[in-house]
Amino acid sequence: MGGVEDDEPASKRMKLSSEELRRLSNGSTIKEPVAGSSRDLMARPLQSEGGEEVVGSKGVIKKVEFVRIIAKALYSLGYIKSGAHLEEESGIPLHSSVVNVFMRQILEGNWDESVVTLRNIGLTDERTVKSASFLILEQKFFELLDEEKAMDALNTLRTEIAPLGVNDSRVRELSSYIVSPSYCSPTRSPKQDTVRARSRSKLLEELQKLLPATVMVPEGRLEHLVEQALVLQRDACMFHNSLDKEMSLYSDHQCGRDQIPSQALQILQAHTDEVWFLQFSHNGKYLASSSNDQSAIIWEVYETGVSLKHKLSGHQKPLSSVSWSPDDRQLLTCGAEEVVRRWDVSSGECLHVYEKTGLGMVSCGWSPDGKWIFSGLNDKSICMWELDGEELECWKGQRTLKISDLEITGDGKQIISICRETAILLLDREAKVERFIEEDQTITSFSLSRDSRFLLINLLNQEIHLWNIEGDPKLVSKYRGHKRTRFIIRSCFGGLEQAFIASGSEDSLVYIWHRGTGELIETLPGHSGAVNCVSWNPANPHMLASASDDRTIRIWGLNNLSTKRKEPCSNGIHYCNGVY
């Protein structure tokens, strides 16, 4: 099903005025109909359509389609004369005579004729014809009501719209406008004809979306094809990691390795023992780290570097993890089988201690609205708490292990934890439905993507698996190369649109893979001990942090940046004795 042949030379077809052309939302020209009724204008193929004439070196671009799309773009950009000249010189019309008649009839409100012309366009799908007729007659109905011709509108509804058998619920809705005609139409005014014309242009846009592209070239088709090509080039670019990276039509897009954070810009040395965990805040303005030295540190992130803001003391055991509140104003810290503490980020004050007699906490997390916190316990249960410490709910049984990983999805419905050595539990706390991700190897840690659609799982066999957890979980990709034999090693999503995967490793390196291809693209040396955890700044795709057994945190950035280190604003040491 295609366009129709134009019987006249392009030079003999009359055009609307430039002003009228610009009123059309699709920017296309409307030619004067040939003599005779539109009933006589049966559709025929365009002259070049179906031929073998092509452009481009690959032989896949049909010349007729190419020229029509360019003409459409010219009209849309307001280059009316240029579009007309292209049609005339090429002999390839943007639209056939019958389509031009149809478009003119729509804009002039000749509804009955336009419905007849619609059937002469040559559409083979009767459902499309009926749907398009419905839109046209609906417009006729509203304009009759607008002109206070309620009986004519009712007659149109009964004898023309209803018999189409399309969208019965909408037909009932239209009938209600007869009873209550205040249907959100504009108040009558001297400008009402202009308002109605805009409405007809909008109708033409809706019809254009409904009719086949071969009949009416879609609005913005050339722009869509160009954008699609640019996006495909960007997605195929292994190192694309910057919003500022301009994409040009003049050459193919390609980024270099310099877009990946690979240079240690700063080494943070405030911890006195192994650093086990770290995590950037959601807004990227802070970094929190936890250590075997029983402390956590809140670091402040500046353009010029990272400085110590608060050292949080009060835990009696090593700290296994931290978790930022959704608004980044509070921080949870979890001692290894001890307690969970909630801290004020601004002051460094301990606001509350969450504990259960005879049990130890092993993980912590926030609800997306910041009203509740969750914690895993060493009896393998998961509890939900009010901020003031009141326990709201507890899921007992094999819900978690003694591993400090706990995630809550962005909608707040699912709790994710490691429930067995080789299985991850996805617990829908509202529907009370449990789903599982089953692995063949022991799971050591996991990380949830920002959009809550993917889970990154670290395994004992030195593999990282990417799972899609929408619906039935599906294994998407595997990443290999890092070393893990004894310790818990953590990985993360990161970079622009989380297009990369980073991981620590026991060989003192940081590993970075391209998420889509699984290709290892960078290894970062510098640490002198196992790298336990990595975190990519969600607000800055060029900043990555790594925590190591060598007691340091390294801040990684681009090779071409030279930053001045900012001195800590204070010693930032705050103690909490558990009184709250």
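Values quoted throughout were computed directly from the atomic coordinates according to the rules given, and no laboratory measurement underlies them. Every value quoted in this text rests on a predicted model; they were computed, and no experiment measured them. Note: ideal-geometry Cβ built from the backbone for every residue, glycine included; neighbour counts use all protein chains shown.
If you plug the beta carbon distance of GLU89 and VAL55 into 1/(1 + (r/R0)^6) with R0 = 22 Å, you get a FRET efficiency near 0.90.
Each peptide in 484-494, 333-343 was scored by the mean count of other Cβ atoms within 10 Å over its residues; highest first, the order is 333-343, 484-494. Measuring between alpha carbons in the structure, the pairs from LYS130/LYS202; LYS356/LYS413; LYS413/LYS474; LYS285/LYS371; LYS63/LYS140; LYS413/LYS478 lying more than 29 angstrom apart are LYS63/LYS140.
Considering the convex hull of the alpha carbon atoms of region 257-557, report its projected area averaged over all viewing directions, in nm², one decimal.
Reported value for the Cα convex hull: 13.8 nm².
For region 440-558, the alpha carbon positions stretch 41, 32, 21 Å along the principal axes, listed from largest to smallest. Going by Cα centres, region 50-85 and region 325-350 are how many Å apart? Using only Cα atoms to place each centre, the spacing works out to 61 Å. When peptides 102-109, 382-389, 530-537 are sorted by average Cβ neighbour count within 10 Å, with the highest value leading, the order is 530-537, 102-109, 382-389. Put a dot 7 Å past the Cα of ARG486, heading toward its Cβ, do the same for ARG420, and the two dots end up 3.0 nm apart. Hey, rough spin-label estimate for SER201 and VAL179, points 7 angstrom out along Cα→Cβ, what's it come to in nanometres? If labels sit at SER201 and VAL179, their model points lie 3.6 nm apart. Computed from point charges on the beta carbon alone (+1 for Lys and Arg, -1 for Asp and Glu), the dipole magnitude for region 217-307 about its Cα centre is near 80 Debye.
When the dipole is taken about the Cα centre of region 257-557, and only Lys, Arg (+1) and Asp, Glu (-1) are charged at their Cβ, what size is it in debye, to the nearest 20?
I would put it at about 340 debye.
Report note on the peptides 543-549, 472-478: ranked by the mean count of other C-beta atoms within 10 Å, highest first, their order is 543-549, 472-478. For region 44-179, a crude dipole built from +1 on the beta carbon of Lys and Arg and -1 on the beta carbon of Asp and Glu, taken about the Cα centre, is about 420 debye to the nearest 20.
Tell me, what is the FRET efficiency for ALA431 and LYS81 to the nearest 0.05, using R0 = 60 angstrom and their Cβ-Cβ distance as r? Here the calculated transfer efficiency is 0.45.
Annotation for region 213-280 versus region 502-540: alpha-carbon center distance of 18 Å.
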